[in-house]
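Asker: After the structure tokens below, expect a handful of questions from me.
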Amino acid sequence: MASETRGYKIVLFTIFTLSVFTIAVLEVSHISNFDWWRLNHKGDEGYFYSNERDGVAYRGEIYAEHLKTRDQIVAEMARTTMQFYETKYSFGAVPVGNVVKHSFRFKNTGQFPLMIAKTDVSCGCTVPEFPQDAISPGSDGEINVVYTAAGNGLQQKNIIIHANTNPETISIGIEADVR
């Protein structure tokens, strides 16, 4: 009887030791329960898990529309129209190195939401900031342009707006007499 009890103790001690060793290996290798699940369910679509140590704290489902770029989202939207209240602005005389700003207001004159995909500029001294959210039909929005005066004489800079509009691109511009 004493030898049977001793045998059970050895078996239980062995199981306990192996369990602790397995948990330690999993922790050291950073394989969590969800990671193990993800590795063994590769065919499951739409689920993603990431650890904070990777810099991503998102946990949950990801759908195809979450993986699209802004350009792709805007390209798939219904076409609308936009109208600027002004398409050119002159800052007048500006000393070299000065930073000036202007807001170009526009209106969504179409029947569908308006979203700007991106802007292109003719010079790195011109930085446009546009709304990230869609503009409802009939609503106004604005593009803020920051210009750092560079060069000498009359400077003209263009900003090309890419949106779900017809036509797809619209040009606005600024000018300054840099001295």
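Asker: Given the criteria in contact with a Pro (Cβ under 6 Å, 6 or more places away or on another chain), buried (at least 16 other Cβ atoms within 10 Å of the Cβ) and not aliphatic (A, V, I, L, M), does residue 173 qualify? Don't jump to the end; show me each part of the working.
Answerer: On the way: in contact with a Pro (Cβ under 6 Å, 6 or more places away or on another chain): no; buried (at least 16 other Cβ atoms within 10 Å of the Cβ): yes; not aliphatic (A, V, I, L, M): yes.
Against the criterion (in contact with a Pro (Cβ under 6 Å, 6 or more places away or on another chain), buried (at least 16 other Cβ atoms within 10 Å of the Cβ) and not aliphatic (A, V, I, L, M)), residue 173 does not qualify.
Asker: Another question about this same structure. Quick test for you: out of 90, 3, 32, pick the one residue that is more than 26 Å from the chain's Cα centre (by Cα) and modelled with pLDDT under 65.
Answerer: Details: 90 fails: modelled with pLDDT under 65; 3 fails: modelled with pLDDT under 65.
Of the residues listed, the single one that is more than 26 Å from the chain's Cα centre (by Cα) and modelled with pLDDT under 65 is 32.
Asker: I need every pair where a residue in segment 104-119 that is assigned by TED's automatic domain parsing to the domain that holds residue 69 has its Cβ under 8 Å from the Cβ of a residue that is assigned to a loop (DSSP other than H, G, I, E, B), sequence separation at least 6 or different chains.
Answerer: Pairs that qualify, where the first residue is assigned by TED's automatic domain parsing to the domain that holds residue 69 and the partner is assigned to a loop (DSSP other than H, G, I, E, B): there are none.
Asker: Also: Return the residue satisfying two criteria in turn: it lies in segment 89-127 and is surrounded by 14 or more Cβ atoms within 10 Å (Cβ to Cβ) and of a type in the set (Val, Ile, Thr), and of such residues it is farthest from residue 140 (Cα to Cα).
Answerer: 94
Asker: If you check every pair at least six apart or on different chains, which have Cβ atoms under 8 Å apart with a residue in segment 164-179 that is farther than 16 Å from residue 145 by Cβ first and a residue that is hydroxyl-bearing (Ser, Thr, Tyr) and at pLDDT 95 or above second?
Answerer: 164/80; 165/80; 165/81; 166/80; 166/81
Asker: Of all residues being out of contact with any helix residue (DSSP H, G or I) (no Cβ under 9 Å at 6 or more places or on another chain) and either crowded, with 18+ Cβ neighbours inside 10 Å or among the hydrophobic types (A, V, I, L, M, F, W, C) (or both) in segment 158-170, which is nearest to residue 122 (Cα to Cα)? Just the residue, please.
Answerer: 159
Asker: Additional query: Is it true that some residue in segment 113-132 is closer than 19 Å to residue 70 by Cα and of a type in the set (Asp, Glu)?
Answerer: yes
Asker: Among the residues in segment 131-144, are any within 20 Å of residue 75 (Cβ to Cβ), of a type outside the set (Gly, Ala, Ser), in a strand (DSSP E or B) and without any contact (Cβ under 8 Å) to a residue 12 or more places away in the chain?
Answerer: no
Asker: Test residue 81 against the criterion of being crowded, with 17+ Cβ neighbours inside 10 Å and of a type in the set (Ser, Thr, Tyr), and give yes or no.
Answerer: Details: crowded, with 17+ Cβ neighbours inside 10 Å: yes; of a type in the set (Ser, Thr, Tyr): yes.
Yes, satisfied.
Asker: Does residue 16 meet the test of being more than 30 Å from residue 161 (Cβ to Cβ), at pLDDT 55 or above, surrounded by 10 or more Cβ atoms within 10 Å (Cβ to Cβ) and not charged (D, E, K, R)?
Answerer: Numbers: more than 30 Å from residue 161 (Cβ to Cβ): yes; at pLDDT 55 or above: yes; surrounded by 10 or more Cβ atoms within 10 Å (Cβ to Cβ): yes; not charged (D, E, K, R): yes.
So residue 16 passes the test.
Asker: Enumerate the strands (runs of 3 or more DSSP E) found wholly within segment 73-123, keeping only those where 1 or more residues are closer than 19 Å to residue 170 by Cβ and basic (Lys, Arg). Show your work before the answer.
Answerer: Details: elements: 82-84, 88-94, 99-108, 116-121.
Qualifying strands (runs of 3 or more DSSP E): 88-94, 99-108, 116-121.
Asker: Tell me, yes or no, whether segment 153-171 has at least one residue that is under 21 Å from the mean Cα position of the chain (by Cα), under 27 Å from residue 69 (Cβ atoms) and acidic (Asp, Glu).
Answerer: The answer is no; no qualifying residue exists.
The values are calculated or read from the model by the stated rules, or taken from the named source; none is laboratory data. Every value quoted in this text rests on a predicted model; they were computed, and no experiment measured them. Cβ sites come from the backbone with ideal geometry, for glycine too, and all protein chains shown count toward neighbours.
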